[in-house]
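Asker: There's a structure below that I have some questions on.
Rule-based calculations on the coordinates, nothing more; no lab input. Small disclaimer: the values here were computed from a predicted structure and weren't measured. When we count neighbours, we look across all protein chains shown, and the Cβ atoms used for this are built from the backbone with ideal geometry, even at glycine.
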């Protein structure tokens, strides 16, 4: 494995974060703080507790997961799309670097940036509510798996997209609505029975539920199922990325 090549790609992508610090780090934190003000104060005044947890604390895992998903997608998709857009991707493809090393470099940087934002949001949340993490190792596991999985998904979107409009289509019109409807700000048990069944077809439910369980020991679906679904998403994303490099889909043209 060419660790020097992985490090070069990784550090190049990370350097872009520090050049756009406000957009990359500060903006998501401000947005999350506004969520606490709006949801925690306005809705929290009407919903005191959810399953024995104060509403302000209950939404923290959902907020972190919302930021983690969107940041992973946007960082990874833009990270690979921009070299394709400018044509510099051919320099990477023609260099003595394997496809595996390219993916590790780009996806690793995207996941790192997303997790950095997630950690900052977690620390920010402690200023607003009292948090407890009952299963810290599980929290870290779900945290890392989700960041890597959706960074891979974002990498796929960055390869698929032909323009900036397509680059934003999936994150804005598909992933973000699914996250809002996936129990980020409520328990799906609060829904009528029919809509509870419908919601179970939303893959984000399993991510949010497992992550929230690691905080409070409570989940809408079993933690084993949440972990299995997360690993399944990861495996599917890895399979698609492998197919992309094997066929050269939108990379060699």
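Asker: Find the relative contact order for the stretch 3-247 and round it to a whole percent, using C-alpha pairs within less than 8 Å whose residues are 6+ positions apart.
Answerer: 26 percent
Asker: What fraction, in whole percent, of alpha-carbon pairs in the stretch 89-186 exceed 17 Å separation?
Answerer: Tail fraction, whole percent: 66.
Asker: Another one. What number in nm² do you get for the stretch 174-246 if you take the convex hull of its Cα atoms and divide its surface by four?
Answerer: 5.5 nm²
Asker: At 222 nm, what helix-only mean residue ellipticity would the chain give, in deg cm²/dmol to the nearest 500, using -39500 (n - 2.57) for each DSSP H run of four or more?
Answerer: Helices in the chain give a 222 nm mean residue ellipticity of -22000 deg cm²/dmol.
Asker: For the chain, would you read off the P(r) tail past 34 Å as a percentage of all alpha carbon pairs?
Answerer: Percent of Cα pairs beyond 34 Å in the chain: 19.
Asker: Ranked from highest to lowest mean number of other Cβ atoms within 10 Å per residue, what is the order of the peptides 180-193, 139-152, 6-19?
Answerer: 139-152, 180-193, 6-19
Asker: Shifting gears a bit: Could you work out which residue, out of 177, 96, 28, moves most in a Gaussian network model of the chain, that is, has the largest mean-square fluctuation with Cα springs under 10 Å?
Answerer: Greatest mean-square fluctuation among the candidates belongs to 96.
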